Amino acid sequence: MSKFRILPYLILCLGRPLSMFTLLFLLALLSSVTVRLWLAQRQLRYVGKHRDHVPAQFSEKISLVDHQRAADYTAARTRFGMLELLLETTVLVVLTMMGGLHWLNQTLLSSLDHGITYGICLILSLTVLTSLIELPFNIYKQFHIEKQFGFNRMTIKLFFVDLLRNALLGAVIGIPLIALVLWVMASTGENWWAWTWLLWVAFSLLMMVLAPTLIMPLYNRFVPLSDASLRERIEALLSRCGFASKGVFVMDGSKRSSHGNAYFTGFGSAKRIVFFDILLEKLTADEIEAVLAHELGHFHHRHIMQRLGVTFLASFCLLALLGWLAQQVWFYTSLGVTPNLDADNHALALILFSLVLPVFSFFFTPLANWSSRKHEFQADAFAAKQTQASMLISALVKLYQDNASTLTPDPLYSTFYASHPPASQRIAHLEQR
């Protein structure tokens, strides 16, 4: 379709009667945006209302200055998130109901032969386009909001080096993967979605093994923990918990941010413990041991395997749904795209599904976060058995303080969005131990 024919197409698209699926999509989009903006407003009001008073539970541990800084940081991020939501919604409507994806598809079809190359170009073109739209927002968030509150340690040079590194890594891994997926879709008949699911599972497991040693070191430096005394304590804890790893490493996270964290990564025999360098600087040995015990609690309760199983089951069901939707003409036309008559629609189906899925899956957010919060309580309880609960409480208070995490989130906002329990609930549970 020539660019001079876009306007007539848009008039036709917007002027024609809306299908049932179009109405359902628009209703879900309007509902999700409304709920998200309403929850954000609740969060802003609640945090602002409690800005000038430190909760009694933390009055001896958190200063009013730090409490207000956390409130202001939360408010700034929440307001910016509302702007990002409006941008995402605008881009989604332009790509679907206003014919943006249809125009891009027709433009590529006019200059490329049908087949895998066309599909790769369509997916990559849309990826590059949306990334460029998001780039100014990412720059503002990193170099204004994070800098304003003292968290940013990244230079402009490193920001764009990371951007280039992401692009190259995405090309090296992403293009072959896209090509393989499109080939599977074109070669395995109506049950292509099942073969694609097997491919996705294999790729995910492979990345869990390779990422810690091949991909993550491209971004950060990982060195073995040098503190002999702390390493002995950690190894003793690992032994008590029955956790075998490839080692304990320190990551130079401070070159990008002053936020601290700890985690274990990898799969099977490739598991490794990772501490941010900034975390080791701020916590005592007892607190570090308690934080690690919490992470090992996830391992003990098999939370990672449970989440992986849920992810694989969900992806199986979603790909089965996509396998059916991809054969329905109304799926394309209801979202502003005319399906290809003399070429396959595999790339189009993948793109449309990835665009509209977040709109509908948004309503399951509270359920997923409820499960995550339950896991956090279980990991805390495990840590309280393996170490001193008071040390985990002390570490959590320092992390909330250093990361400017609000102590007074709106209860409904927290219930909907938070993957971790609010500080007051989490510490209250630990104090009962």
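The values are calculated or read from the model by the stated rules, or taken from the named source; none is laboratory data. Quick caveat, the model's predicted, so the values are computed rather than measured. All Cβ positions, even for glycine, are placed from backbone atoms using ideal geometry, and neighbour counts span all protein chains on display.
Just checking, which of Tyr118, Tyr46 is under 30 Å from Leu341 (Cα atoms) and of a type in the set (Phe, Trp, Tyr)? If you could, list the steps in order and put the result at the bottom.
Values: Tyr46 fails: under 30 Å from Leu341 (Cα atoms).
Being under 30 Å from Leu341 (Cα atoms) and of a type in the set (Phe, Trp, Tyr) holds for just one of Tyr118, Tyr46, which is Tyr118.
Among the candidates Leu164, Leu177, Leu210, Leu132, single out the residue that is within 24 Å of the chain's Cα centre (by Cα), in a helix (DSSP H, G or I), surrounded by fewer than 13 Cβ atoms within 10 Å (Cβ to Cβ) and not assigned by TED's automatic domain parsing to the domain that holds Ile304. It would help to see each step written out before you state the result.
Working: Leu177 fails: surrounded by fewer than 13 Cβ atoms within 10 Å (Cβ to Cβ); Leu210 fails: surrounded by fewer than 13 Cβ atoms within 10 Å (Cβ to Cβ); Leu132 fails: not assigned by TED's automatic domain parsing to the domain that holds Ile304.
Just one listed residue meets the conditions, Leu164.
Going through Arg307, Arg302 one at a time, which residue ends up being on the phi > 0 side of the Ramachandran plot and not assigned by TED's automatic domain parsing to the domain that holds Ser239?
Values: Arg307 fails: on the phi > 0 side of the Ramachandran plot.
Residue meeting the stated conditions: Arg302.
Can you go through Gly242, Gly247, Gly260 and tell me which one is surrounded by 19 or more Cβ atoms within 10 Å (Cβ to Cβ) and of a type outside the set (Val, Ile, Thr)?
Details: Gly242 fails: surrounded by 19 or more Cβ atoms within 10 Å (Cβ to Cβ); Gly247 fails: surrounded by 19 or more Cβ atoms within 10 Å (Cβ to Cβ).
Answer to the check: Gly260.
Tally up the residues in the stretch 135-161 that are in contact with a Ser or Thr (Cβ under 7 Å, 6 or more places away or on another chain) and loosely packed, with under 15 Cβ neighbours inside 10 Å, please.
The number of residues fulfilling the criteria is 1.
Which one of the conditions (1) in a loop (DSSP other than H, G, I, E, B); (2) under 24 Å from the mean Cα position of the chain (by Cα) does Leu198 fail to meet, given that it meets all the rest?
Every condition holds for Leu198 apart from (1).
The conditions are (1) surrounded by 15 or more Cβ atoms within 10 Å (Cβ to Cβ); (2) assigned to a loop (DSSP other than H, G, I, E, B), and His53 fails exactly one of them. Which is it?
(1)
Out of the residues in the stretch 397-416 that are small (Gly, Ala, Ser) and touching a residue at least 12 places away in the same chain (Cβ under 8 Å), state the one that is surrounded by the most Cβ atoms within 10 Å (Cβ to Cβ). Write out each step before concluding.
Initially, the stretch 397-416 is screened for residues small (Gly, Ala, Ser), giving 404-405, 414.
If we keep only those that are touching a residue at least 12 places away in the same chain (Cβ under 8 Å) too, we end up with 404-405.
Working: Ala404: 22, Ser405: 17.
Step by step, filter the stretch 397-416, then rank; the result is Ala404.
Which residues, counting only those in the stretch 134-155, are at pLDDT 95 or above and aliphatic (A, V, I, L, M)?
Leu135, Ile139, Ile145
Taking Arg79 as the residue in question, decide whether it is free of Cβ contacts under 8 Å to residues at least 40 places away in the same chain, in a helix (DSSP H, G or I) and basic (Lys, Arg).
So Arg79 fits the description; yes.
Could you pull out the residue among Lys255, Lys282 that is surrounded by fewer than 16 Cβ atoms within 10 Å (Cβ to Cβ), touching a residue at least 40 places away in the same chain (Cβ under 8 Å) and among the charged types (D, E, K, R)? Working first, answer last.
Details: Lys282 fails: surrounded by fewer than 16 Cβ atoms within 10 Å (Cβ to Cβ).
That would be Lys255, the only listed residue that is surrounded by fewer than 16 Cβ atoms within 10 Å (Cβ to Cβ), touching a residue at least 40 places away in the same chain (Cβ under 8 Å) and among the charged types (D, E, K, R).
Does Ile120 qualify as being of a type in the set (Val, Ile, Thr) and in the same structural domain as Leu83 (by TED's automatic domain parsing)?
Details: of a type in the set (Val, Ile, Thr): yes; in the same structural domain as Leu83 (by TED's automatic domain parsing): yes.
Here the answer is yes, as Ile120 does meet what is asked.
Evaluate the following for Ala368: is it surrounded by fewer than 22 Cβ atoms within 10 Å (Cβ to Cβ) and under 18 Å from His303 (Cα atoms)? Spell out how you get there, then give the answer.
Working: surrounded by fewer than 22 Cβ atoms within 10 Å (Cβ to Cβ): yes; under 18 Å from His303 (Cα atoms): yes.
So Ala368 passes the test.
Could you give every pair whose Cβ atoms fall below 7 Å, whose first residue belongs to the stretch 342-358 and is on the phi < 0 side of the Ramachandran plot and in the same structural domain as Leu29 (by TED's automatic domain parsing), and whose second residue is polar (S, T, N, Q) and not in a loop (DSSP other than H, G, I, E, B), counting only separations of at least 6 or pairs across chains?
Leu348/Asn105
Sort out which residues of the stretch 103-117 are touching a residue at least 24 places away in the same chain (Cβ under 8 Å), more than 19 Å from Leu180 (Cα to Cα) and either assigned to a loop (DSSP other than H, G, I, E, B) or assigned by TED's automatic domain parsing to the domain that holds Gly174 (or both), and write them in order of number.
The answer is Ser110, and nothing else.
For the stretch 56-68, name all the residues that are outside any loop (DSSP other than H, G, I, E, B) and surrounded by fewer than 17 Cβ atoms within 10 Å (Cβ to Cβ).
First pass over the stretch 56-68, keeping only residues outside any loop (DSSP other than H, G, I, E, B): 56-58, 64-68.
Hits for the stretch 56-68 are Ala56, Gln57, Leu64, Val65, Gln68.
Starting from residues that are modelled with pLDDT under 95 and surrounded by fewer than 18 Cβ atoms within 10 Å (Cβ to Cβ), keep the ones in the stretch 340-360 and report whichever is nearest to Phe21 (Cα to Cα).
The selected residue is Asn340.
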